[in-house]
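Structure first, then comments.
The values are calculated or read from the model by the stated rules, or taken from the named source; none is laboratory data. This one's a predicted model, so the numbers in the text were calculated from it and none came from an experiment. Here the Cβ positions follow ideal geometry from the backbone for every residue, glycine too, while neighbour counts run over all protein chains shown. To get the accessible areas, we keep the full protein, side chains included, count just its heavy atoms, and leave off ligands, DNA and RNA. Shrake-Rupley method; radii C 1.70, N 1.55, O 1.52, S 1.80 Å.
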Amino acid sequence: MADFVIQPDKNIVEMSCSEFAEKAMKAYIAETVTNRSVPSFQDGLKPVQRKILWAMYKMGLFYNLSHKKSAKVTGEVIARYHPHGDSAVYQAMGNMAQAFQKYNFIDGQGNWGAWSGESPAASRYTECRLTEIAQVCLLDKDYLKVVPMVDNYDGTEKEPAYLPARLPFILLLNIQGIATAVRTGLPSFDLNALVDFCIDFLKTKELDQTKVIPLTTINNGKCISTNEEQLNFYKSGGGVLTFSPTYLLGKDRIIITGVQDDFNFERISDDLLEMQEVKAVKDEGSKEIKVTIYFNGKLDQKQVDKILNKLKTKTLYSTNILKNTVDEEGVVVGKYHETNIYSLIKNWCKFRVGLEKRYLTNKVEEIDKELAYQNILLLASSNLKVIFKSLQTTDPKTYLLENLTGLKESDVGIILDLPIKRLSRLSEEETKKKISTLENDKAVLNKKLEKPHLEVIKDLELLKKKFGN
């Protein structure tokens, strides 16, 4: 009897434990970076935020229609696009809905929390819909036609790889993200100033590296770093910037009317109450920000400055892990790597021009399809007698091909599928007018396609006028 020999499995690859651990860790890091923690430079959104907005768009929760229960949205997101805990989804919704955020992508009704740290009410108590800026600048139906669609987690749905952002939200939203071994933190720039900077680049193809783009905060705080410090941050892609609240100074108190983005009321309050100069700290605002710091007796200027210095914060920002290598068509290539503010602006503009080019090309293709259809109708309108006679034969298709010059076999079905009532109303003159209008529209679009960056400039100026305030 022959010995029984186990043949090795050719599909098994042998490797050391350390080699396997390194490979597995790299795969895990890539997954957390790309699919969870880090925003896309195209639309400035993290994956869960993008999935929420896409789900709301598909549900028809438009800014000019009624609100729907937030629980319905979280259920839809979890079921179709993001199979994780509903608390994580609802927290992301809260970040986009809270009234104190600088740019809201979700218009919420009910208790969505407060700037001082209060959490939103449960999702069964709140309602939501998209905001106008989200629908116009991220979810325009025509621009959505030209973004790549990918499978959802189980392959049963399609979702956009990114949203077609018409504004550089990556530098408008005060984005913070952290994943395994990588981190990103971006301040919020003033919309008007940032758009003007992008327009200058699109016009000149040069980045003005001497121009400071004003930084803003959610609640009217202010950056007090010097111009030199801010310019160094733009160039290096990382650094520390200093922020301070806005305030009014009274005889026996300081009233804070605006705070920086990472202002933590409870922490600041505890720190201030440890000072001998401070008697009490109270949040006296309702919808507006009003934090009053009461003095413990009359203070001189040196003591007041000591309190004010406590309110200033140094915030570390870093742009070192954004995937932002873009070719001339605005298509992303390459992997995550170190970058800076100037590179982000340059590559977002490339992306935006590429998006516009695909948008215009799609419009031309849609007109070509309509022109082909109208030309078939034109042929039909000038040969109605032949068409009606064909309907009396046993083989209308063959009859039309033999008796209508220029008719293609693929076009016969279109004519035969037209209702008799529609055929009888076809007007050769009206059809020619439609064809002329379509050809003029196509000529205009082809002219725009020669310099798509000019169309982007027009669009940015329009959006700045609409949303800049």
Exercise. So between ASP86 and GLN301, what do we pick up on full extension, going 0.36 nm a residue minus the alpha carbon distance?
Worked result: 72.3 nm
Exercise. Ignoring any ligand, DNA or RNA, what whole percent of the accessible area of the chain comes from carbon and sulfur when the probe is 1.4 angstrom?
Worked result: 50 percent
Problem set entry | Potential lengthening between ALA71 and SER427 on full extension [0.36 nm per residue; Cα-Cα distance subtracted] | 122.9 nm
Seminar exercise, completed: Note, region 253-262: 3J(HN,Hα) by Karplus (6.51, -1.76, 1.60, θ = phi - 60°), whole Hz, Gly/Pro = x, goes 6, 10, 10, 8, 10, x, 10, 6, 4, 9
Exercise. In nm, what is the difference between 0.36 nm times the number of residues separating GLU402 and LYS389 and their Cα-Cα distance?
Worked result: 3.4 nm
Exercise. For region 358-422, what is the accessible area per residue in Å² when the probe is 1.4 Å?
Worked result: 60 Å²
Exercise. With the Cα gyration tensor of the chain giving a ≥ b ≥ c as the square roots of its eigenvalues, does the rule (a/c under 1.5 for rounded; else a/b larger than b/c for prolate; else oblate) give rounded, prolate or oblate?
Worked result: prolate
Seminar exercise, completed: Any aspartates and glutamates whose Cα falls less than 17 Å from that of LYS251, other than same-chain ones fewer than 8 residues away, would be GLU277, ASP300, ASP305
Problem set entry | Cut-off under 5 Å, modelled amide H: who pairs with LYS279 long-range | TYR294, PHE295, ASN296
Exercise. Between region 271-308 and region 348-398, what's the alpha-carbon centroid distance in Å?
Worked result: 71 Å
Problem set entry | CD proxy at 222 nm, helix term only [per DSSP H run n ≥ 4: -39500 (n - 2.57); per residue of the chain; nearest 500] | -14500 deg cm²/dmol
For this session: Mind giving me the nanometre distance, one decimal, between the label points for GLN176 and LYS141, set 7 Å out from Cα along Cα→Cβ?
Result: 3.9 nm
Exercise. Ranked highest first by the average count of other Cβ atoms within 10 Å around their residues, in what order do 456-468, 105-117 fall?
Worked result: 105-117, 456-468
For this session: Only Cα pairs under 8 Å and at least 6 apart count here; give the relative contact order of the chain as a rounded whole percent.
Result: 12 percent
Exercise. If amide H atoms are built 1.01 Å from N in the plane of the peptide, which residues on other chains or at least 5 residues away come under 5 Å of the amide H of GLY113?
Worked result: ALA121
Exercise. So what is the accessible area of region 136-218 per residue, in Å², with the probe set to 1.4 Å?
Worked result: 39 Å²
Exercise. Which residue, chosen from TYR125, GLY108, PRO168, occupies the Cα position most advanced towards the positive end of the dipole of region 108-183, where the dipole is computed from +1 (Lys, Arg) and -1 (Asp, Glu) charges on Cβ about the Cα centre?
Worked result: PRO168
Problem set entry | Derived scalar couplings ³J(HN,Hα) [region 158-175; Karplus, 6.51 cos²θ - 1.76 cosθ + 1.60; whole Hz; x for Gly, Pro] | 10, 9, x, 5, 7, 8, x, 6, 8, 10, x, 5, 4, 10, 10, 9, 6, 7
Problem set entry | Pairwise label distance in nanometres, ASP252 with PHE20, each label 7 Å out on the Cα-Cβ vector | 7.3 nm
Exercise. If the cut-off is a Cα-Cα distance under 17 Å, which aspartates and glutamates reach LYS102, setting aside same-chain residues fewer than 8 apart in sequence?
Worked result: ASP43, GLU132, ASP190, ASP261, ASP262, GLU288
For this session: In whole Hz, with x marking every Gly and Pro, tabulate ³J(HN,Hα) for region 226-241 from phi via Karplus 6.51 cos²θ - 1.76 cosθ + 1.60, θ = phi - 60°.
Result: 5, 4, 4, 5, 5, 5, 5, 5, 4, 6, 7, x, x, x, 10, 10
